[in-house]
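**Student:** Could you have a look at this structure, given as structure tokens, before my questions?
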Amino acid sequence: MKPLQITIISGLSGSGKSTAMRALEDSGYYCIDNMPAPLIPTFIELCQHSTGELTRVAIAVDIRGKEFLEDFQKRVQDLRAKGYEVKIIFLESTNEILIRRYSETRRRHPVEKEMGIALPEAVEEERGEMAFLREIADELIDTSALNVHELRSIILERLMAAPAARMQVTLLSFGYSYGLPAEADMVIDVRFLPNPFFVRELRGLTGRDDKVRGYVLEQQETKEFLKRFGAMITYLLPLYEKEGKSYLTIAIGCTGGRHRSVVIAEHVATLLARHGTEFTVRHRDMERG
């Protein structure tokens with residue numbers, strides 16, 4: 001009998017849980033939405049002993065079942081104690097983005113309906129209610145800057161890929177002006193490097209343009225930083241792997257996320273490639289502004 005893969009999709013209302021569940025359903029997962037926590041162990045036992053080829057299950061848990069949420073952590077612990085592998089993915093976005101999404105769809109937020117409060121207060125109330133689940137999640141995904149296709153790709157990349165012999169690394173460039181990425185395991189601030197934004201002919205370009213890349217990489221500060229940072233990464237990655245970490249997100253930030261962070265992320269990618277590390281590169285804020 002194949003071991004049952006159990007994925008819990010949770011997060012804030014409007015952060016993309018429905019998109020994530022549809023992606024998994026399309027990929028062969030048996031998906032069920034908003035199951036009360038006390039019923040999850042019984043459901044999993046039934047799935048495990050079904051006569052079919054049911055090997056992957058995804059369950060969405062959210063604020064609609066909040067009367068059961070206090071039991072949720074214990075139910076997950078019980079499943080793990082029985083030998084089940086349970087992965088919890090928590091989706092979130094900034095308050096501004098969540099409010100905009102609900103305003104655009106003209107749907108009412110579940111807390112807004114239940115408590116009779118305004119949308120901004122409902123979003124903040126839910127964030128507080130769901131904070132404990134965020135803390136116990138195995139992975140956080142900030143969907144603020146993701147469209148539905150990008151979110152679908154990330155979900156499938158994390159859950160559908162065959163087990164890798166080596167850790168998967170994501171290099172994520174971002175702009176501090178738009179906030180820290182919640183999913184980052186490591187944050188590197190490169191705002192100390194000379195800023196191409198203040199060079200008129202470079203301002204409208206991005207870190208993927210040769211002129212910007214040349215400007216950033218030719219700086220003495222950049223050369224020294226890359227030498228030291230490269231040595232640190234080369235030292236740390238095997239240690240993270242030894243600890244059993246499957247995914248590592250290294251966030252590299254500058255002011256706007258268009259120039260320096262993009263250049264550094266792309267350059268570090270070449271270092272990872274030379275060492276045979278599995279990686280992806282994302283530029284969260286490169287197209288902003």
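The values are calculated or read from the model by the stated rules, or taken from the named source; none is laboratory data. Predicted, not measured: the structure shown is a model, and the values here were computed from it. Cβ sites come from the backbone with ideal geometry, for glycine too, and all protein chains shown count toward neighbours.
**Student:** For Ile252, state whether it is touching a Ser or Thr at 6+ places or on another chain (Cβ under 6 Å) and modelled with pLDDT of 95 or more.
**Tutor:** yes
**Student:** Can you confirm whether region 74-87 contains a residue that is surrounded by fewer than 15 Cβ atoms within 10 Å (Cβ to Cβ), free of Cβ contacts under 8 Å to residues at least 24 places away in the same chain and within 26 Å of Ser144 (Cα to Cα)?
**Tutor:** Within region 74-87, not a single residue is surrounded by fewer than 15 Cβ atoms within 10 Å (Cβ to Cβ), free of Cβ contacts under 8 Å to residues at least 24 places away in the same chain and within 26 Å of Ser144 (Cα to Cα).
**Student:** For Lys211, are the conditions met, namely being closer than 23 Å to Thr277 by Cα, exposed (fewer than 13 other Cβ atoms within 10 Å of the Cβ) and free of Cβ contacts under 8 Å to residues at least 12 places away in the same chain? So that I can check it myself, show each step before the final result.
**Tutor:** Details: closer than 23 Å to Thr277 by Cα: no; exposed (fewer than 13 other Cβ atoms within 10 Å of the Cβ): yes; free of Cβ contacts under 8 Å to residues at least 12 places away in the same chain: yes.
Taking the combined requirement at face value, the residue does not satisfy it.
**Student:** Thr55 passes all but one of (1) crowded, with 21+ Cβ neighbours inside 10 Å; (2) in contact with a Lys or Arg (Cβ under 6 Å, 6 or more places away or on another chain); which number fails?
**Tutor:** Evaluating Thr55 over (1) crowded, with 21+ Cβ neighbours inside 10 Å; (2) in contact with a Lys or Arg (Cβ under 6 Å, 6 or more places away or on another chain) leaves (1) as the failure.
**Student:** Then there's this: Among the residues of region 104-114, is there at least one that is closer than 25 Å to Leu140 by Cβ, surrounded by 19 or more Cβ atoms within 10 Å (Cβ to Cβ), out of contact with any strand residue (DSSP E or B) (no Cβ under 9 Å at 6 or more places or on another chain) and not aliphatic (A, V, I, L, M)?
**Tutor:** yes
**Student:** When you check Phe68 against the structure, is it within 24 Å of Gly16 (Cα to Cα) and at pLDDT below 85, yes or no?
**Tutor:** Judged against the criteria, Phe68 is a match.
**Student:** Of the residues that make up region 112-123, is at least one closer than 27 Å to Pro38 by Cβ, hydrophobic (A, V, I, L, M, F, W, C) and at pLDDT below 90? Give the steps one after another, and end with the answer.
**Tutor:** Residues of region 112-123 that are closer than 27 Å to Pro38 by Cβ, as a first pass: 112-115, 122.
Now narrow it down to the ones that are hydrophobic (A, V, I, L, M, F, W, C): 115, 122.
Adding the requirement that they be at pLDDT below 90 leaves 115.
Yes, region 112-123 contains a residue that is closer than 27 Å to Pro38 by Cβ, hydrophobic (A, V, I, L, M, F, W, C) and at pLDDT below 90.
**Student:** Given the criteria of a type outside the set (S, T, N, Q), assigned to a helix (DSSP H, G or I), in the same structural domain as Leu172 (by TED's automatic domain parsing) and modelled with pLDDT of 95 or more, does Phe192 qualify?
**Tutor:** Taking the combined requirement at face value, the residue does not satisfy it.
**Student:** For Gln48, only one of the following conditions fails: (1) surrounded by fewer than 21 Cβ atoms within 10 Å (Cβ to Cβ); (2) in contact with a helix residue (DSSP H, G or I) (Cβ under 9 Å, 6 or more places away or on another chain). What is its number?
**Tutor:** Status for Gln48: all satisfied but (2).
**Student:** Which is in a helix (DSSP H, G or I) and in contact with a Gly (Cβ under 9 Å, 6 or more places away or on another chain), of Ser177, Ser173?
**Tutor:** The match here is Ser177.
**Student:** What is the residue count in region 88-146 for residues that are farther than 13 Å from Gly11 by Cα and part of a loop (DSSP other than H, G, I, E, B)?
**Tutor:** So the count comes out to 9.
**Student:** Go through (1) exposed (fewer than 14 other Cβ atoms within 10 Å of the Cβ); (2) in contact with a helix residue (DSSP H, G or I) (Cβ under 8 Å, 6 or more places away or on another chain) one by one and return the number of the condition Gly256 breaks.
**Tutor:** Unmet condition: (1).
**Student:** Limited to region 265-289, what total is found for residues that are within 19 Å of Thr222 (Cα to Cα), surrounded by fewer than 18 Cβ atoms within 10 Å (Cβ to Cβ) and either in contact with a helix residue (DSSP H, G or I) (Cβ under 6 Å, 6 or more places away or on another chain) or among the hydrophobic types (A, V, I, L, M, F, W, C) (or both)?
**Tutor:** Residues meeting the conditions: 2.
**Student:** Within region 200-250, which residues are of a type in the set (Phe, Trp, Tyr) and part of a helix (DSSP H, G or I)?
**Tutor:** Passing the criteria: Tyr215, Phe225, Phe229, Tyr235, Tyr240.
**Student:** Right, Thr143: of a type in the set (Val, Ile, Thr) and surrounded by fewer than 18 Cβ atoms within 10 Å (Cβ to Cβ) or not?
**Tutor:** The answer is no for Thr143.
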